[in-house]
1. State yes or no: is residue B:63 at pLDDT below 90 and buried (at least 18 other Cβ atoms within 10 Å of the Cβ)?
2. Can you run down the residue pairs with Cβ atoms below 8 Å, 6 or more apart or on separate chains, where the first is in region A:5-16 and more than 10 Å from chain B (Cβ to nearest Cβ) and the partner is surrounded by fewer than 19 Cβ atoms within 10 Å (Cβ to Cβ) and modelled with pLDDT under 90?
3. Can you pull out every residue in region A:135-167 that is of a type in the set (D, E, K, R) and either touching a Lys or Arg at 6+ places or on another chain (Cβ under 7 Å) or without any contact (Cβ under 8 Å) to a residue 60 or more places away in the chain (or both)?
4. Exactly one of (1) basic (Lys, Arg); (2) at pLDDT below 85; (3) touching a helix residue (DSSP H, G or I) at 6+ places or on another chain (Cβ under 8 Å) is unmet by residue B:142. Its number?
5. Which of the following residues is outside any loop (DSSP other than H, G, I, E, B) and exposed (fewer than 15 other Cβ atoms within 10 Å of the Cβ): A:249, A:241?
6. For a quick check of your reading: which helices (runs of 4 or more DSSP H) sit entirely within region B:43-140 and have at least 1 residues that are under 29 Å from residue B:16 (Cα atoms) and facing another protein chain (nearest Cβ under 10 Å)?
7. Here are some residues: A:160, A:166, A:117. Which one is assigned to a loop (DSSP other than H, G, I, E, B) and over 20 Å from residue A:229 (Cα atoms)?
Amino acid sequence: MLNFWTLVFYKATSNLKAESKKTYLSFMWWFFEPMLLMAIYYLVFGIVLNVKTEDFVAYLLVGLVVWQWFFRTVTNSSSSILESGAIIGKVAISKIFFPAVVIITDLFKSIFVFFVLVCYLLISGYEINYAYYILPVLFVSQLLLIISISLWSSLIIPFLPDMKILINSLLMAAMFGSGIFYSTDLIPEDIKAYFYLNPMAYIIDCFRKVLLHGQLPDLIYLAKMTLVFVLFILLALMFAKRFNNSYIKVVLR
Amino acid sequence: MNSEIVLDISSVGVKFRESFSIFSKEKTILNDISLTLRKGETLGVFGSNGAGKSTLLSLMAGVVSPDVGTVNHFGNKIALLNLNLGMDVRLSGRRNAVLQGLFLGFSFDEITEKMASIIELSGLENVIDCPFYTYSSGMKARLGFSVAYYLDTDILLIDEMLGVGDIEFRKKSTYLLKQKINSDQTVVLVTHNIKLLSHLSDRVLWLEDGRVAKITTPEELVSLTD
């Protein structure tokens, strides 16, 4: 068990290392890439379109950063077992290994992106407020959401490859349903309860409350949702354990 | 032979589905296989293509689960001898060696401890920290072999692989592997080379269409196939 996690972390750091070696600026890109993205959004929405909603750029960036972390990890891990190749025919390893490596790799990169985001907010006039102390809780809650969705998609896709196409469409729908590009004030009150059933929509909202308005989110709702994520993860782990050696039969054909 | 039993397979069957459709036929790869492996012995596995030899090794390695019957490995560490386990060409030779060791189930400390000997055997001292894509396929195989050689598992499964690399290293690795097989290492060896099989095995398992046709002595195998 200990060796399993050593392997996961060793593989994840190896991936990060290998990736950084592919470019001249290497790991500096973990800062530059999100900076560039934020600069583009600032240019388009803040200067060219001059959107007047109270600081739309910051609003947009918080949503995007939180969404991108989720989106990137789920996309990368969903085919991780399917594309693991010959290795699953050679070593008896828990198939959780493959999505776990992706989750850790992307977690590490996302920490940099969040760092850049907070820098942007501080530079553009926001201040560190007392609600910041809840950020680690939000972070963990989102991580658990990402783990649950990543595990399930990676575990299901080898058996039902058609799901890969479906998951891409679902992610697209989720992106539009998470209130990234529009103000959530535009949503009619009677639909709002349903809107926040989408966990990404709710977590993005929480991050915005804390980072932009210095307000604490509804922690009870957050706790309930996180409990559901944990339950999903446990079910995924049980599924993985039960069908661990069935993957070789579907992946290698 | 009264030494301790290290692996027990009893009336095992393995089936694979032929396609994604749930209505597709199930193909039986292994059928009613029973065998026990004792500590220190070398079991040769012989059979024509598609007889289920590789699946039998996968079953022993714990990669495939039996659909019927049981496999008990009594907590022994079993691994397929593998030369490029999860190798990543973007990483250094050293990192790849560690990764291979971790995949084989060894701890980071065990691997670090053996690292010097591994590098020495591979003869890659000068390039061990260079990226793996700069290695020739022979060099990769040499490193892979050295890791597999020094990181001992309780039961070693060998599928058609003896000797790798250039002529000199091939000689060296074949010699080392034969030595290992003849020591009290427990080995399951799959090969089409009857001479080698009869030379190295204590017993030979003859597979035919996923069933055990017979378990013979190496001498009998030679006389039967002549």
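1. Details: at pLDDT below 90: yes; buried (at least 18 other Cβ atoms within 10 Å of the Cβ): yes.
Yes, satisfied.
2. A:16/A:27
3. Selection gives A:162 alone.
4. Answer for residue B:142: the failing condition is (2).
5. Exactly one residue qualifies, and that residue is A:241.
6. Output list reads B:53-61, B:93-103.
7. On inspection, the qualifying residue turns out to be A:160.
Conditions tested, residue by residue: (1) surrounded by fewer than 16 Cβ atoms within 10 Å (Cβ to Cβ); (2) of a type in the set (Gly, Ala, Ser).
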position: A:121; (1), (2): no, no
position: A:125; (1), (2): yes, yes
position: A:134; (1), (2): no, no
position: A:138; (1), (2): no, no
position: A:154; (1), (2): no, yes
position: A:166; (1), (2): yes, no
position: A:169; (1), (2): yes, yes
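The values are calculated or read from the model by the stated rules, or taken from the named source; none is laboratory data. If you're wondering where the values come from, they're calculated on a predicted model, not measured in any experiment. Using ideal geometry, Cβ is built from the backbone for each residue, glycine included, and neighbour counts are taken over all protein chains shown.
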